[in-house]
1. Can you list residue pairs whose Cβ atoms sit under 8 Å apart, with the first residue in segment 138-163 being under 18 Å from T285 (Cβ atoms) and assigned by the TED database to the domain that holds S207 and the second being among the aromatic types (F, W, Y) and assigned to a strand (DSSP E or B)? Count only pairs 6 or more apart in sequence or on different chains.
2. Could you figure out which of (1) modelled with pLDDT under 95; (2) assigned to a loop (DSSP other than H, G, I, E, B) isn't true of L229?
3. Kindly check whether there is at least one residue in segment 124-136 that is at pLDDT 95 or above and open to solvent by less than 10 Å² (accessible area, probe 1.4 Å).
4. Given the residues L80, L89, which is the only one that is over 26 Å from T184 (Cα atoms), touching a Leu at 6+ places or on another chain (Cβ under 9 Å) and not in a loop (DSSP other than H, G, I, E, B)?
5. Give me the residue from segment 286-302 that is open to solvent by less than 20 Å² (accessible area, probe 1.4 Å) and of a type in the set (S, T, N, Q) and, out of that set, nearest to Y231 (Cα to Cα).
6. Return yes or no: is T273 in contact with a strand residue (DSSP E or B) (Cβ under 9 Å, 6 or more places away or on another chain), touching a residue at least 40 places away in the same chain (Cβ under 8 Å) and open to solvent by 20 Å² or more (accessible area, probe 1.4 Å)?
7. Which ones in segment 147-205 are outside any strand (DSSP E or B), modelled with pLDDT under 90 and over 16 Å from A227 (Cα atoms)?
8. Return the residues of segment 1-48 that are outside any loop (DSSP other than H, G, I, E, B), among the small types (G, A, S) and touching a residue at least 60 places away in the same chain (Cβ under 8 Å); say none if nothing qualifies.
Amino acid sequence: MATLIHSLSDHSDDVNYCAFSSSCLATCSLDKTVRVYSLSDFAELPYSPLRGHTYAVHCCCFSPSGRVLASCSTDGTTALWDTRDGRRLAVLGQPHASPVRVCRFSPRNTCLLAGAADGTVVLWNTQSLRSYRSGNVKDGSLVACAFSPNGNFFVTGSSSGDLTIWDDKMRCLYNEKAHDLGVTCCDISSHPVSESENGFKYFQMASCGQDNQIKLWLILFADFLGAELKYKCTLNGHSAPVLACAFSYDGQMLVSGSVDKYVIIHKTSTGNTLHTLSQHTRYVTTCAFAPHSHLLATGSMDKTVHIWQLDLKQSCAGSTVETESKVAVEDWSEDDVSAWLCAQDLADFVGLFKINNIDGKELLNLTKESLANELKIESLGLRSKVLQKIEELRMTMISLSPPVPDEFLCPITRELMKDPVIAADGYSYEREAMEHWISNKRRSSPMTNLPLPSPMLTPNRTLKMAISRWLETQQK
């Protein structure tokens, strides 16, 4: 059972990332801020929000001790914050001021990795706050990274689809074309799953991409033998690009979030789906498990962060239940309805609903009168509870309209474009938003932060026609 225990809605724009320490949750957003909450009651800490970045904040992470929080931004910097009082400790500038997409502390807190849109990866010494290693991915932007449990190796993922294994001396040890349309996220479990013939331990790694896929890998790190990556399997379930993935602290679960608005929790040993969560109304951009507990946070372009408590012991008919089926509710079978009842803590009604052949269509048509007169549920309180859950299901169905393709959204406003134009950086924007951007004497690209060679804006008629055709299909 996955229970939604709290929702945070303080950000005024898309939530890009969330991260846990042992006592706090941090979130960051396109609204240029980082917010920090206490895990004891999910209250925002007095010094939050953290302000200082001049553009969108893409990623945030805690140091192993939890005393330092790092955040990185389109402004080309990675900032370090003291989690005790919110003081900004340092601002680390990326080479060439390229937008920083991802940051991560090593498990031993010896270094901080920062990866950027131009493919650069920098290792910063956490004591001296100086760059001591740097390199470049072979192609594309660096958008994902994960450290090995001992911190001697790390993996990067790029928009070109490559997974690259590096050692702490920035030597490229292995490269794999993993996702044809680009990697979006990767994570490494801290628990070994097997040993090689030489006694070295294999760990599980997950990667997800624009190809709608989540891939599980076995990865071996050996100081003298280098690194080895073996494909294990592909996890299915999402119908659109998968933007985020993360292992639970014990490695038994993997959570993923997608453009299809769903969060899926997978059992890593079998690949089976444990839970499917559909409470977000726009793309799910980030998900994270808390250390040493089954607390889960998910963030979205709907500007919210949901906090979930997982209870793996609760089951129905002897097996863990998926909370919601991705099949349209009106097409649910009687078994799907039974699973839904269990997930809503209504397992006592499974037998009654089966006797009355309640499938998805019948479920949606249930009323106060039919519950009392046909199903003979005498308790007013129980009837009200069932009706409330059905109404929540109906509201979820309404919110699950097809997502707007990301290429139709203006990168500045994140709204559907009406009059798209092409700027000198090659990206398309809503005309009014880009004109306002330039009128404020911003002569840098909103996407790359590099100087705009010209303020000229060219109508993108092809994109405008594509948006019009898409809108027509939504009205049918």
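1. Listed by first residue and then by second, the contacts come to C145/F154; A146/F154.
2. (2)
3. For segment 124-136, residues at pLDDT 95 or above and open to solvent by less than 10 Å² (accessible area, probe 1.4 Å): absent.
4. Going through L80, L89 in turn, just one is over 26 Å from T184 (Cα atoms), touching a Leu at 6+ places or on another chain (Cβ under 9 Å) and not in a loop (DSSP other than H, G, I, E, B): L89.
5. T286
6. Values: in contact with a strand residue (DSSP E or B) (Cβ under 9 Å, 6 or more places away or on another chain): yes; touching a residue at least 40 places away in the same chain (Cβ under 8 Å): yes; open to solvent by 20 Å² or more (accessible area, probe 1.4 Å): yes.
Judged against the criteria, T273 is a match.
7. If the condition is that a residue be outside any strand (DSSP E or B), modelled with pLDDT under 90 and over 16 Å from A227 (Cα atoms), then D180, L181 are the ones that fit.
8. Of all residues in segment 1-48, those outside any loop (DSSP other than H, G, I, E, B) come to 2-8, 15-20, 24-29, 34-38, 44.
Next cut, among the small types (G, A, S) only: 2, 7, 19, 26, 29, 38.
If the condition is that a residue be outside any loop (DSSP other than H, G, I, E, B), among the small types (G, A, S) and touching a residue at least 60 places away in the same chain (Cβ under 8 Å), then A2, S7, A19, S29 are the ones that fit.
The values are calculated or read from the model by the stated rules, or taken from the named source; none is laboratory data. Model, not experiment: these values are computed from the prediction. Cβ: placed from backbone, ideal geometry, glycine included. Neighbour counts: every protein chain shown. For the accessible areas, the whole protein counts, side chains as well, though only heavy atoms, and no ligand, DNA or RNA atoms are used. Shrake-Rupley method; radii C 1.70, N 1.55, O 1.52, S 1.80 Å.
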